[in-house]
Amino acid sequence: MTEPHISYTETDTKARYVATVPGVEGEGELTISKVSPELIIADHTAVPDSMRGMGIAKALALKLMADVRARGQRIVPLCPFVRGYAMRHPEETADVIQW
């Protein structure tokens, strides 16, 4: 499988990660809301049918966690995918998840 290309855009209060894969139609996304300089909310993750089963949602979540970790922030996982991932992998996420 080709690794997805993940881009990041932001405003003062929101941000969005977008994943694309060469030769595959559509884009996956993970959106966040900025609560404070130390805390963000993972709002929503979506992957189109054309990208299902490719690990795109996981790649987006891992990119988010790596970025948050590097910035010394924490995530409130309201998004069901991010929440589920954090619950299944507490050893990987405990340092960045705010329950």
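We did not get these values from a lab; they are worked out from the coordinates using the rules stated. Note that the structure is predicted; figures quoted are calculated from it, not measured. Positions of Cβ are generated from backbone atoms using ideal geometry, with glycine treated the same way; all protein chains shown enter the neighbour counts.
How do the peptides 65-74, 2-11 rank, highest first, by the average count of neighbouring beta carbon atoms within 10 Å per residue? Working shown, then result.
Values: 65-74: 14.7, 2-11: 12.6.
So the order, starting with the most tightly packed, is 65-74, 2-11.
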Requested in this report: Taking H placed 1.01 Å from N in the peptide plane, check which residues at least 5 places from Gln98 or on another chain put their amide H under 5 Å from its amide H.
Outcome: Ile75, Val76
**Report entry** Listed residue (Tyr8, Met51, Thr93) projecting farthest to the positive dipole end of the chain, Cβ model
**Finding:** Thr93
Report task. Could I have the simple spin-label model distance between Ser33 and Arg69, label points 7 Å from Cα toward Cβ, reported in nm to one decimal? Result -> 2.7 nm
Query raised in the report: Given H placed 1.01 Å from N in the peptide plane, which residues other than close sequence neighbours of Val35 have an amide H under 5 Å from its amide H?
Result: Ile40, Ile41
Query - Estimated distance in nm for a label pair at Ala94 and Leu78, the labels positioned 7 Å out from Cα along Cα-to-Cβ - result: 2.7 nm
Report summary line: Under Stokes-Einstein, the chain at 37 °C and 0.692 mPa s, with its Kirkwood radius over C-alpha pairs, diffuses with a coefficient in µm²/s of 242 µm²/s
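Suppose we keep just the DSSP beta bridges with both residues in the chain; what percent of those would be antiparallel, to 5? Kindly include the intermediate steps, with their values, before the conclusion.
Details: 19 of 24 bridges.
Once the DSSP bridges in the chain are tallied, antiparallel ones form about 80 percent.
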Query - About the Cα centre, charge dipole magnitude for the chain (Lys/Arg +1, Asp/Glu -1 at Cβ), debye - result: 200 debye
Query - Proximal lysines relative to Lys34, as straight alpha-carbon distance under 17 Å, when same-chain residues fewer than 8 apart are discounted - result: Lys14, Lys63
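With runs of 4+ DSSP H residues as the only contributors, calculate the mean residue ellipticity of the chain at 222 nm using -39,500 (n - 2.57) per run, divided by the residue total and rounded to the nearest 500. Please report the intermediate quantities before stating the final value.
Details: 3 runs with 29 residues, N = 99.
Computed ellipticity for the chain at 222 nm equals -8500 deg cm²/dmol.
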